[in-house]
Amino acid sequence: MNTETDWVYRVFEPHGSEGWRPYGSDPERWQGVITAPDSTEGAKYAIGRILGDLMTEWERIGLHHAMHVRVFLWHDEAGDTEEADFIVEVRPRSDIDAA
């Protein structure tokens, strides 16, 4: 059966001892819905699109490395971060020279 679902996502960044907050100066840009197949492949597709957008944004603003973020993905509708179906954490490489 070829069905599709909405994968709801939100991107967060670390905020010290306060935990995590919505990512960026325009947090609404980093939350939304991606429609993809209702399968783990659909979830991988959604995560891939989000990470691709993040990398493009970082490149556009002149960053030559990843920022530290967490991408939360829910099947159909958003809930608490603890209830996310998928969580992907992106961290900057630790072996980058600080030149």
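The values are calculated or read from the model by the stated rules, or taken from the named source; none is laboratory data. This is a predicted model, so every value here is computed, not measured. Cβ coordinates were reconstructed from backbone atoms using ideal geometry, including for glycine residues, and neighbour counts include every protein chain displayed. With ligands, DNA and RNA removed, areas are computed over all heavy atoms of the protein, side chains included. Shrake-Rupley method; radii C 1.70, N 1.55, O 1.52, S 1.80 Å.
Quick look at the values:
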| quantity | calculated |
| --- | --- |
| Subset of region 17-27 [open to solvent by 70 Å² or more (accessible area, probe 1.4 Å) and over 20 Å from Asp85 (Cα atoms)] | Ser17, Glu18, Ser25, Asp26 |
| Residue tally, condition surrounded by fewer than 16 Cβ atoms within 10 Å (Cβ to Cβ), modelled with pLDDT under 90 and either closer than 18 Å to Val90 by Cβ or not polar (S, T, N, Q) (or both), over region 28-58 | 1 |
| One residue from Glu82, Glu89 being open to solvent by less than 90 Å² (accessible area, probe 1.4 Å), on the phi < 0 side of the Ramachandran plot, among the charged types (D, E, K, R) and not in a loop (DSSP other than H, G, I, E, B) | Glu89 |
